[in-house]
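What follows is a short report on a single structure.
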Amino acid sequence: MNKRLDISVVVPLYNEEESLQELVAWIDRVATENSLSYEVIMIDDGSSDGSWAEVERLKEHYPAIKGIRFARNYGKSAALYCGFEEAEGEVVFTMDADLQDSPNEIPEMRRMILEDGYDLVSGWKKKRYDPAGKRFPSKFFNLTARIVSGIKLHDFNCGLKAYRRRVIKSIEVYGEMHRYIPILAKHAGYKKIGEKVVQHQERKYGVSKFGMERMVKGYLDLITVSFMSHFGRSPMYFFGSLGTIMFLLGGFTTIWVIAAKLYKQAMGLPLRAVTDQPLFFVAILTVILGVQLFLAGFLGELINRRSSDRNSYLIDKKIK
């Protein structure tokens, strides 16, 4: 039986041709100095420059390189998903291809996984070289994520992370959920999540591929992952409970309005027609919404139990 590799390094990339040679040489140097067997899995997310040609060229000099090339741009989550599928190392690292993450952090983060018993170690860029317009929204976003998830991390979106192998084989990264892998891991039962202050490098080549729109997407994804963590397996618990409450509230209010009219009519008291009372229409609307929410939960249960399809991405080329 072949001995498992010490580490896998998963590197999503998009138009990072200039930095790849330096990054791979850096990882190779760190692995060699620490006597670590390794593989580097580079996922070209539909680059329009010469990134894939550079990956092919590097493969000739570094046999440890594996490569996956998407036919179009799917996003970082898709790249990580496919990289995790291929990873064979005992400890799996993720890092960005722009040289802002330092491979020098690998030995200590690996030690924290193997010796300190962490399931996941996330990097914390305590000192960042990004512009203020990027730093301050990020701090607010991380504060919100900490409050919602209960995970005490300062930098959820740091690209440099280390995972015990079984963690990345137990979670499914989709959409834009790469920001919330710690939350997905916690939901999967891996609760020993640590943090390490890491060196953040100034960008040496190219420009950032992320704009302010990622903040909007980030908050929408946070709502999604929080909901999925609590109700992903049983949407009926959320929609069904809320729908039942609204149905009963609306139903009892409707009955009360009608009963009040009948009582006043029987007692000869002044009264208004039921249809002249706004409360009656609010009650009817509440009943209708309650029924719709209950049906949404029921349909969600049916879809959840019948759906077994996994994500599929059109891979153009692959190097092993």
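So Ala145 ticks every box in (1) open to solvent by 40 Å² or more (accessible area, probe 1.4 Å); (2) modelled with pLDDT under 90 but one. Which box is left unticked? Only one criterion in (1) open to solvent by 40 Å² or more (accessible area, probe 1.4 Å); (2) modelled with pLDDT under 90 is unmet by Ala145, namely (1).
When we screen Glu88, Glu108, Glu54 for residues that are open to solvent by 40 Å² or more (accessible area, probe 1.4 Å) and either aromatic (Phe, Trp, Tyr) or not in a loop (DSSP other than H, G, I, E, B) (or both), the only hit is Glu108.
Among residues of segment 1-21 that are over 17 Å from Ile113 (Cα atoms), those with a beta-carbon under 8 Å from a residue that is among the hydroxyl-bearing types (Ser, Thr, Tyr) and open to solvent by 20 Å² or more (accessible area, probe 1.4 Å) at least six positions away or on a different chain give the pairs Lys3/Ser37; Asn15/Ser48; Glu16/Tyr205; Glu18/Tyr205; Ser19/Tyr205. Scoring Glu115 on the criteria (1) more than 26 Å from Glu202 (Cα to Cα); (2) touching a helix residue (DSSP H, G or I) at 6+ places or on another chain (Cβ under 7 Å) leaves a single failure, condition (2). Per the conditions (1) modelled with pLDDT under 70; (2) closer than 26 Å to Ala296 by Cβ; (3) in a helix (DSSP H, G or I), the sole criterion not satisfied by Met215 is (2).
Listed here are the residues, each with its yes/no results for (1) in contact with a Ser or Thr (Cβ under 8 Å, 6 or more places away or on another chain); (2) on the phi < 0 side of the Ramachandran plot.
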| position | (1), (2) |
| --- | --- |
| Tyr38 | yes, yes |
| Gly46 | no, no |
| Val55 | no, yes |
| Ala71 | no, yes |
| Ser77 | no, yes |
| Glu88 | yes, yes |
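For segment 115-142, which residues satisfy the criterion of being at pLDDT 80 or above and aromatic (Phe, Trp, Tyr)? Result: Tyr118, Trp124. Which one is farthest from the chain's Cα centre (by Cα), of the residues in segment 239-248 that are crowded, with 16+ Cβ neighbours inside 10 Å and over 13 Å from Leu299 (Cβ atoms)? This residue is Phe247.
Considering only segment 17-36, how many residues are out of contact with any helix residue (DSSP H, G or I) (no Cβ under 6 Å at 6 or more places or on another chain) and either surrounded by 14 or more Cβ atoms within 10 Å (Cβ to Cβ) or in a helix (DSSP H, G or I) (or both)? Steps first, answer last, please.
Applying the first criterion (out of contact with any helix residue (DSSP H, G or I) (no Cβ under 6 Å at 6 or more places or on another chain)) to segment 17-36 yields 18-19, 21-23, 25, 28-29, 31-33, 35-36.
Now drop any that are not either surrounded by 14 or more Cβ atoms within 10 Å (Cβ to Cβ) or in a helix (DSSP H, G or I) (or both), which leaves 18-19, 21-23, 25, 28-29, 31-33, 36.
Count: 12.
Considering (1) in a loop (DSSP other than H, G, I, E, B); (2) more than 20 Å from Asn142 (Cβ to Cβ); (3) open to solvent by 30 Å² or more (accessible area, probe 1.4 Å), the lone condition that Arg128 does not fulfil carries the number (2). Evaluating Pro63 against the criteria (1) outside any strand (DSSP E or B); (2) open to solvent by less than 10 Å² (accessible area, probe 1.4 Å); (3) free of Cβ contacts under 8 Å to residues at least 40 places away in the same chain leaves one unmet condition, (2). Selection of first residues in segment 84-97 that are more than 11 Å from Ile43 (Cβ to Cβ) and of second residues that are among the charged types (D, E, K, R) and surrounded by fewer than 24 Cβ atoms within 10 Å (Cβ to Cβ), restricted to Cβ pairs under 6 Å at least 6 apart or on distinct chains, gives the following pairs, ordered by first then second residue: Glu90/Arg4; Glu90/Asp6; Glu90/Arg165; Val91/Arg110; Val92/Arg165.
The values are calculated or read from the model by the stated rules, or taken from the named source; none is laboratory data. Model, not experiment: these values are computed from the prediction. Positions of Cβ are backbone-derived with ideal geometry, glycine not excepted, and every protein chain shown enters the neighbour counts. Areas reflect the complete protein model, heavy atoms only, side chains present, ligands, DNA and RNA absent. Shrake-Rupley method; radii C 1.70, N 1.55, O 1.52, S 1.80 Å.
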